[in-house]
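Peer 1: Please read through the structure below; I'll follow up with questions.
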Amino acid sequence: MKPLLVVIDNNTALANKLLASAVFERGECEVRQFPDGESYVRVISECSGRDIVILCSLYQPDRFVMPLLLCAETLRELNAKSVGLIAPYLAYMRQDIRFHTGEAISSRIFAKLLSAHFDWLVTIDPHLHRYRSLAEIYSIPHSTLSATSLLIDWICKHVNQPLLIGPDSESEQWVAAIARGVEAPYLVLNKTRYGDRDVDIEMFDFSRWKQYTPILIDDIVSTGQTFVKVIGQLCAQGFNAPICAAVHGLFVEDAEKKLQQAGAQRIVTSNTIAHPTNELDVSALLIDAVSKHLI
Ligand code: R5P
């Protein structure tokens, strides 16, 4: 019997791609909120003895986690054989240290929570900075996939003479791998974060790269401030409008507009989070990884 795919988030486009593969059967589940904000979940499909795969991109985790956990536990009570999670974007990875006394190291707490409710986890490019791998915090079997191959193909197809730019040291892992694949030069800049919406990028002299097309690469674009600062430097130094590429486009507040106003020529993201800039399709990567967990 095929595994049932239960969709908790609203990334319908990605869910439809997974379902079109014929690997899964659609699992029906009603998820809604009561007027007071509590979550209501009802599993409609017969799930006894079935492998269940829940798709839930955690880009607004506090909104989706409660229905996600209610659904996972209900599936277990209804005797599902296994309950795995595809979280194309894995939230709560960035607070991996206590910067100030008393702060919650949310990455650890969140990892403990998900590990207690799922048999396995598949995700794409989690924000690994101080952790070398998810195994340091997740105790369940997991697959950490990467969209770098998709970005390599995209750049080769669309960008003439690319110069890859990572805005901060964490981005080097992605930028270096992509640069190898594209056979293009790359730079990694120095970022200082002063607050949630306040970052600064150390001044960099790009003059020797004038004949290149700059493409900024990061794992996440959230408020867009990181890219805005780099675009500002490039434009001030006479570069043509750069391309911005990120695996996960959170685009909080009016981030996309800010990037366009700063001078971004094109913005490219993967469909881990549904957004009009989705040009990289991660569905084949996910299907391949899920099959391994269901053997
Ligand atoms: C964190 O270091 C990430 O890699 C990104 O650089 C960060 O989330 C981008 O945030 P924002 O778009 O708000 O500057």
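Peer 1: For the chain, find the longest principal axis of its Cα atoms and tell me its angle to the long axis of helix 106-117, 0 to 90°, nearest 10.
Peer 2: Helix 106-117 sits roughly 30 degrees off the main axis of the chain.
Peer 1: Over segment 107-198, give the accessible area per residue in Å² for a 1.4 Å probe, as an integer. Don't skip to the answer; put the middle values down first.
Peer 2: Numbers: 4390 Å² over 92 residues.
Accessible surface, normalised per residue, equals 48 Å².
Peer 1: Sticking with this structure for a sec: Given a 1.4 angstrom probe, I'd like the percentage of the accessible area of segment 196-295 that is carbon and sulfur, rounded to a whole number. If you can, show how the numbers build up before the last one.
Peer 2: On the way: 2100 of 4370 Å².
Carbon and sulfur atoms account for 48 percent of the accessible area of segment 196-295.
Peer 1: Which trypsin sites (Lys or Arg not before Pro) in segment 128-163 sit in a loop by DSSP (not H, G, I, E or B) and have at most 13 other Cβ atoms within 10 Å of their own Cβ?
Peer 2: Working: sites: 130, 132, 157; in loops: 130, 132.
For trypsin sites (Lys or Arg not before Pro) across segment 128-163 that sit outside H, G, I, E and B with at most 13 neighbouring Cβ atoms in 10 Å, the list reads 130, 132.
Peer 1: Moving on to the next point. Mind giving me the FRET efficiency for residue 207 and residue 172? R0 is 30 Å, r the Cβ-Cβ distance, nearest 0.05 is fine. Each step should come with its number before you reach the end.
Peer 2: Values: r = 22 Å, r/R0 = 0.74.
E between residue 207 and residue 172, to the nearest 0.05, is 0.85.
Peer 1: Exceeding 29 Å between C-alpha atoms, which entries from my cross-link table qualify? They are 191/257; 210/258; 17/292; 112/257; 157/258; 112/157. Write down the numbers at each step before the final one.
Peer 2: Numbers: 191/257 22 Å; 210/258 24 Å; 17/292 19 Å; 112/257 36 Å; 157/258 26 Å; 112/157 41 Å.
Table pairs above 29 Å Cα-Cα are 112/257; 112/157.
Peer 1: While we're here: When the chain is fully extended, how far beyond the present Cα-Cα distance does residue 190 get from residue 112, taking 0.36 nm per residue of separation? It would help to have the intermediate numbers written out before the result.
Peer 2: Numbers: separation 78, 0.36 × 78 = 28.08 nm, distance 3.20 nm.
Taking 0.36 nm per residue and subtracting the Cα distance, the gain is 24.9 nm.
Peer 1: Subtract the Cα-Cα distance of residue 16 and residue 241 from 0.36 nm times their separation in residues, and report this length gain in nm to one decimal.
Peer 2: Details: separation 225, 0.36 × 225 = 81.00 nm, distance 3.41 nm.
So the chain would gain 77.6 nm between residue 16 and residue 241.
Peer 1: Hey, if you put +1 on the Cβ of every Lys and Arg and -1 on every Asp and Glu Cβ in the chain, which of 129, 82, 110 ends up farthest toward the positive end of that dipole?
Peer 2: Of the options given, the answer is 129.
Peer 1: What does the accessible area per residue of segment 51-91 come to in Å², with a 1.4 Å probe and no ligands, DNA or RNA counted?
Peer 2: Values: 1340 Å² over 41 residues.
I get 33 Å² per residue for this part.
Peer 1: If Lys and Arg each add +1 and Asp and Glu each add -1, what is the summed charge of the other residues whose beta carbon sits under 13 Å from the beta carbon of residue 134? Show your work: numbers first, answer last.
Peer 2: Working: positive: 108, 112, 130, 132; negative: 96, 125, 136.
Summing Lys and Arg as +1 and Asp and Glu as -1 gives +1.
Peer 1: Same structure again: Relative contact order for the chain using alpha-carbon pairs under 8 Å, separation at least 6, rounded to a whole percent? List each step's numbers first, then the result.
Peer 2: Values: 571 pairs, mean separation 40.2, N = 295.
14 percent.
Peer 1: To continue, here is another question. Could you give the dipole magnitude of segment 17-101 about its Cα centre, charging the beta-carbon of Lys and Arg +1 and that of Asp and Glu -1, in debye to the nearest 20?
Peer 2: 280
Peer 1: Can you compute the charge dipole magnitude of the chain about its Cα centre, using +1 on each Lys and Arg Cβ and -1 on each Asp and Glu Cβ, nothing else charged? Give it in debye, rounded to the nearest 20.
Peer 2: Dipole magnitude for the chain comes out near 340 debye.
Peer 1: So, one more: When the accessible area of segment 1-137 is computed with all protein chains present and a 1.4 Å probe, what percentage of it is carbon and sulfur? Walk me through the intermediate numbers first.
Peer 2: Values: 3300 of 6570 Å².
The computed percentage sits at 50.
Peer 1: Output the antiparallel fraction of DSSP beta bridges having both residues in segment 105-206, as a percent to the nearest 5.
Peer 2: On the way: 4 of 11 bridges.
Given both bridge residues lie in segment 105-206, the antiparallel proportion sits at roughly 35 percent.
Peer 1: With r defined as the distance between the Cβ atoms of residue 40 and residue 257 and R0 fixed at 30 Å, what FRET efficiency is calculated, to the nearest 0.05?
Peer 2: Numbers: r = 35 Å, r/R0 = 1.15.
Result of the calculation: an efficiency of 0.30.
The values are calculated or read from the model by the stated rules, or taken from the named source; none is laboratory data. Bear in mind that the values here come from a model prediction, so they are computed numbers and not experimental data. Counting neighbours? That spans all protein chains shown, and the Cβs are built from the backbone with ideal geometry, glycine included. The protein model used for the area step is the full one, side chains on, heavy atoms only, and it has no ligands, DNA or RNA in it. Shrake-Rupley method; radii C 1.70, N 1.55, O 1.52, S 1.80 Å.
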